[in-house]
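Notes follow the structure.
The values are calculated or read from the model by the stated rules, or taken from the named source; none is laboratory data. Please read these numbers as outputs of a predicted model, since none were measured by experiment. Note that we place each Cβ from the backbone using ideal geometry, even for glycine, and neighbour counts take in every protein chain shown. These accessible areas exclude ligands, DNA and RNA; they are computed on the full protein's heavy atoms, side chains included. Shrake-Rupley method; radii C 1.70, N 1.55, O 1.52, S 1.80 Å.
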Amino acid sequence: MLDVRMIRADIDQVKAGLARRGQDTAVIDEVAGIDAELRSLSGQRDSLRAEVRALSNEVGKLFREQRQDEATELQEQSRLLGLEEKQLDARAEELQVLLRDQLLRIPNLPAADCPDGAGEQDNVILRVEQYQPDSYVDCQRVPHWEIGEQLGILDVERAVKMSGSMFVMYRKQGAALVRALCQLAIDRNVDLYEEVRPPTLVRTATMIATGHLPKFSEEAYAVERDDLWAIPTAEVPLTSLGQDEIVAEADLPLRFCAHTSCFRREAGSAGKDTRGLLRVHEFDKVEILAYSTPAQAADLHAEILLRAESLIAELGLAYRVLDLCAGDIGNSAARTFDIEVYSPGVDQWLEVSSVSWFGEYQARRANLRYKPEGGKGTEVLHTLNGSALAVPRVWAAIVETYRQPDGSIKIPELLLPYMRGATAISAGV
RNA sequence: GGAAGGAUGGCAGAGCGGACGAAUGCGACGGUCUUGAAAACCGUUGAGGCUUCACGGUCUCCGGGGGUUCGAAUCCCCCUCCUUCCGCCA
């Protein structure tokens, strides 16, 4: 959520930022108008309230002094003022709700150094690593859903029977590989990042805090009877972990990591990348997230990217890093780097991590604040996060990349300690 | 799911219709004293909105929402959460 005071102070800058996203800026004028009216109205209301309070105190005093007549007279006066105040208050209330509604739907402003661009095609490729297009051999050019079926480690058919399309089931060593990846990702980050196992069903307010609601309700699974939502990422509970709290500047940054299931309806992406593990409704992911001061944010952004990137690199996968342009960053983000892994069997670059800096946008929604050292008052802090590891696509890339001529899959070295002593996955095991 | 009790500042805890943003204690911070520290003593100590160059003024917040009243932390209604007991349960 943007700060209304920023809109008040520098409306042109706000509009310019939204324009970089390709967004209509008319809302901003609307918001500024509502804000102005609200302020004038609540000012009037407050002075009426002050009068009512003063009169009421007077009434009390008069009653104690047994001056009934004078008291009754003031009572009546105060009652009439109260009526007026009620009207103003009702209108102010309406405006306030309207203002918040509007503000919640306005996306974050892109960071100054976020590249210009209208969409995906304008993203900047920062680097491509460990990718040698000519190095892949025939046995690696088989899509993971075929490999998974051959080896009995991926069972899409039965998962679809149980839950519908775009649900999958891992079996045998395939299931073990899922757990191994999660465990590995957690273990690599607990040196600095506190491990958390949060709820996967959360309230509406919790989804609003990260920016997943109110705009993107179609993307999330809702458990309507209980007014709960299935989280699309651990970013949701982790961002609300410090909701309404005020932390000391000395305690920042706070770092968290969490392994959770993630649920996405993928509405509007029907027919796109639906084979195998490319796009699924439910998957496992390890997320890392930080709360920081504005000054720490840039370093943390780099830190999170490095952690996500080095894990993919050490798993021996080919990947590239993108600097997303203003037209392609997510609603809540100010700057985002994507990591895409190359999967030889499907011959595609698959997004496996989005590392974002959100500035105050989410923190203002979740009411996350800190007390500046030596300063007075409180400041809104910054949030950042990234996937340390998202299972399905990494699973797919590993299975395709590490496939041997005999059809077995060699287990990457990093995962060996997590695979019960196995060094390869072959049929029947 | 049933019954009873509860929710007040960083914590503990009073207040149960009038001057209450709220006694008191603890904690924290600053000071006096001390070679230093402790103790003692003095002082400060919630968050936020609007307004002001500033001093200040003013409003909101006693779990959340609604109501009664000239006036609500205090009375009434609804909800949520917590504790204890019973039931059920991985």
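Taking (1) open to solvent by 30 Å² or more (accessible area, probe 1.4 Å); (2) closer than 21 Å to residue A:262 by Cβ; (3) not hydroxyl-bearing (Ser, Thr, Tyr) in turn, residue A:305 satisfies each apart from (1). What are the pairs, 6+ residues apart or on separate chains, where a residue within region A:50-77 that is farther than 25 Å from residue A:88 by Cβ has its Cβ under 7 Å from a residue that is near RNA strand B (Cβ under 8 Å from one of its atoms) and aromatic (Phe, Trp, Tyr)? Once the first residue is farther than 25 Å from residue A:88 by Cβ and sits in region A:50-77, its partners that are near RNA strand B (Cβ under 8 Å from one of its atoms) and aromatic (Phe, Trp, Tyr) give A:71/A:63.
Restrict the check to region A:385-396 and report whether at least one residue is within 30 Å of residue A:4 (Cα to Cα) and either more than 16 Å from RNA strand B (Cβ to nearest atom) or surrounded by 14 or more Cβ atoms within 10 Å (Cβ to Cβ) (or both). Taking every residue of region A:385-396 in turn, at least one turns out to be within 30 Å of residue A:4 (Cα to Cα) and either more than 16 Å from RNA strand B (Cβ to nearest atom) or surrounded by 14 or more Cβ atoms within 10 Å (Cβ to Cβ) (or both).
When residue A:73 is tested against (1) in a helix (DSSP H, G or I); (2) charged (D, E, K, R); (3) under 30 Å from residue A:317 (Cα atoms), only condition (3) is not met. Say whether the condition of being outside any loop (DSSP other than H, G, I, E, B), within 24 Å of residue A:251 (Cα to Cα) and touching a His at 6+ places or on another chain (Cβ under 9 Å) is met by at least one residue in region A:363-381. Yes, region A:363-381 contains at least one residue that is outside any loop (DSSP other than H, G, I, E, B), within 24 Å of residue A:251 (Cα to Cα) and touching a His at 6+ places or on another chain (Cβ under 9 Å).
Listed here are the residues, each with its yes/no results for (1) assigned to a loop (DSSP other than H, G, I, E, B); (2) over 23 Å from residue A:388 (Cα atoms); (3) in contact (Cβ under 8 Å) with a residue 24 or more places away in the chain.
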residue	(1), (2), (3)
A:118	yes, yes, yes
A:126	no, no, yes
A:131	yes, no, yes
A:167	yes, no, yes
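Within the bounds of region A:254-276, is there any residue that is buried (at least 19 other Cβ atoms within 10 Å of the Cβ), under 21 Å from residue A:201 (Cα atoms) and hydroxyl-bearing (Ser, Thr, Tyr)? Within region A:254-276 (the criterion being buried (at least 19 other Cβ atoms within 10 Å of the Cβ), under 21 Å from residue A:201 (Cα atoms) and hydroxyl-bearing (Ser, Thr, Tyr)), the answer is yes, since at least one residue qualifies.
The residues on offer are A:67, A:100, A:127, A:91, and the sole one that is outside the structural domain of residue A:211 (by TED's automatic domain parsing) and either within 12 Å of RNA strand B (Cβ to nearest atom) or more than 30 Å from residue A:217 (Cα to Cα) (or both) is A:67. For region A:209-253, filtered to residues that are in a helix (DSSP H, G or I) and over 15 Å from residue A:383 (Cα atoms), the residue that is most open to solvent (accessible area, probe 1.4 Å) is A:225. A count restricted to region A:179-225 and to residues that are aromatic (Phe, Trp, Tyr) and in contact with a strand residue (DSSP E or B) (Cβ under 7 Å, 6 or more places away or on another chain) stands at 2.
Report, by residue number, each residue of region A:1-35 that is within 16 Å of RNA strand B (Cβ to nearest atom) and free of Cβ contacts under 8 Å to residues at least 12 places away in the same chain. Give the derivation first.
Keep residues of region A:1-35 that are within 16 Å of RNA strand B (Cβ to nearest atom), which gives A:1-11, A:14, A:31-35.
Within region A:1-35, A:5, A:6, A:9, A:10, A:33 meet the criteria.
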